[in-house]
Amino acid sequence: MTAQHDNAPLYRRFVDLLHRTIGLDAASLGHQSIERAVDQRAALWCADGHADATLADYWEATYASPSMLQALVETVVVPETWFYRDADAFRALARLAHERLDERGTALPLRILSLPCSTGEEPYTIAMTLLDAGIDAAHMRIDAMDISERSLALAQRAVYSRNSFRGNAFPFRDAHFTRTEDGWRLAPRIVDAVRFSRANLMQLDATALGVYDFVFCRNVLIYFARDAQQTALHALNGVLAENGTLFVGPAETGLLMRYGMQSAKIPLAFAFHHGTLAEAQLNSWHTAPLATAAALAMTHLPVPTLAPLQVFSAEPFAWPDPIARTPLSGIPQRTPKPFSAASQSHEFMSPHITSPTNAARDTLQAAHALADAGRLTEAANAINVYLEQHAPHADAFYLLGVLADASGDTNLARGQYRKALYLEPQHAEALAHLATLLELEGDRNGARLLMDRASRAQGAQRG
């Protein structure tokens, strides 16, 4: 490729293209990572018969070619997942699945969505969890979707290396895998329980999918720009059943709080529910329409499409009435519920430490009420005023960390979580949130140690 004086404007075009196509916030990965991916794909393209091409030529070709854009996306998207990641979410799934079947019977199968599913560890963990919990395969339907063709191919191959098994105990591997020369091959009964297809969360056709009892969308929203987070949450809102459960990653709980979802009050599961219309009417901050791809197209260049998606073409799914599905721009819309400030046992207040004083409890509840109203700065100020006048409190610092996460200030969030842990070393939620921040920064060993501590703390609480 011929040299160019300054490629910075061209790199910015690629950053904008990836933002509009897959919602990527370049800052979450680092602009240099994006540039390296562009250079890598450009070099391969030049070697494939375009020896005298410039980066500008590669830009024009990529913008015009869905297959070349897909190849760039494949280079940017790096899978990072393993079996039983954040295991408390799967323990919660097993319990909630039994409750759902007890409530309505088995005439309708449980519908579970894993998006993005990456290389398959998450949806296969879902299948193992439910089968091991005694739920028959006929009573579940697990759909797994991802934008990466490469990841989907690896998922369907269902052979995994040691990187997919993290921790010290693997009874599930002994029960469901067979050792081969290539790694560990998953049992056919687990593989057959999952249906894979390719989908882009930024262009998801929620009306074609129907609704799901359980949706796993974990550790991806943190990589999205703010408008892309709105688009994604709008789509997830459309596919989550009225009484369904949405599982997200530890660092995404603040985002869900900002958009008015209600905690399921299951420590370390990072699970959320819709709210009721009556409660939503108390707060207007989250009722504005979430941005869609169509709305983005009005303020940016057209949203490009990737290579043709393998559209999920299952038979239409009929859900019993009553379920309100009022179309909004072609996507089902439900009014979300604000986080409940009245509850004292939820993900944003650690239930395992000594009960706080009445003053601390009242302050934290007031802060939650402010956060429900979208007044995150006022919520943080209320806690800071309390801390200036009273003894330090672990839950107060933890909530400040969650509020900082919700505002996108990861540096401040990290410091607040550390203060909470200084006061309460076994604060499970602070451990889990800080672990996620370390993982995003590339400190996998540190993140793993913190998550191990969080699991032990949660186990001690249950015991």
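The values are calculated or read from the model by the stated rules, or taken from the named source; none is laboratory data. Predicted model, so just to flag it, every value in this text is computed and none were measured. Positions of Cβ are generated from backbone atoms using ideal geometry, with glycine treated the same way; all protein chains shown enter the neighbour counts.
When you scan the stretch 110-119, do you find a residue that is within 26 Å of Ala432 (Cβ to Cβ), among the β-branched types (Val, Ile, Thr), assigned to a loop (DSSP other than H, G, I, E, B) and in contact with a Leu (Cβ under 6 Å, 6 or more places away or on another chain), even just one?
Yes: the stretch 110-119 contains one or more residues that are within 26 Å of Ala432 (Cβ to Cβ), among the β-branched types (Val, Ile, Thr), assigned to a loop (DSSP other than H, G, I, E, B) and in contact with a Leu (Cβ under 6 Å, 6 or more places away or on another chain).
So which of Leu131, Leu96, Leu110, Leu69 is out of contact with any strand residue (DSSP E or B) (no Cβ under 8 Å at 6 or more places or on another chain), farther than 30 Å from Arg13 by Cα, of a type in the set (A, V, I, L, M, F, W, C) and crowded, with 17+ Cβ neighbours inside 10 Å?
On inspection, the qualifying residue turns out to be Leu131.
Which pairs have Cβ atoms under 8 Å, sit 6 or more apart or on different chains, and link a residue in the stretch 377-404 that is closer than 13 Å to Glu424 by Cα and touching a residue at least 24 places away in the same chain (Cβ under 8 Å) to one that is surrounded by fewer than 23 Cβ atoms within 10 Å (Cβ to Cβ) and among the small types (Gly, Ala, Ser)?
That search, which allows pairs on different chains as well, returns His393/Ala360; Asp395/Ala360; Ala396/Ala360.
Test Phe83 against the criterion of being outside any loop (DSSP other than H, G, I, E, B) and aromatic (Phe, Trp, Tyr), and give yes or no.
Judged against the criteria, Phe83 is not a match.
Scan the stretch 114-153 for residues that are more than 20 Å from the chain's Cα centre (by Cα) and among the aliphatic types (A, V, I, L, M) and report the count.
Selection size over the stretch 114-153: 9.
Hey, any hits in the stretch 284-291 for a residue that's within 24 Å of Met451 (Cα to Cα) and either at pLDDT below 75 or assigned to a helix (DSSP H, G or I) (or both)?
no
State all residues of the stretch 45-63 that are in a helix (DSSP H, G or I) and either closer than 16 Å to Arg13 by Cβ or in contact (Cβ under 8 Å) with a residue 12 or more places away in the chain (or both); if no residue qualifies, say none.
Our first condition is that a residue be in a helix (DSSP H, G or I); within the stretch 45-63, this holds for 45-47, 55-63.
Matches in the stretch 45-63: Trp45, Cys46, Leu55, Ala56, Asp57, Tyr58, Trp59, Glu60, Ala61, Thr62, Tyr63.
For the stretch 76-83, does any single residue satisfy the condition of being modelled with pLDDT of 95 or more, farther than 30 Å from Asn411 by Cβ and of a type outside the set (A, V, I, L, M)?
yes
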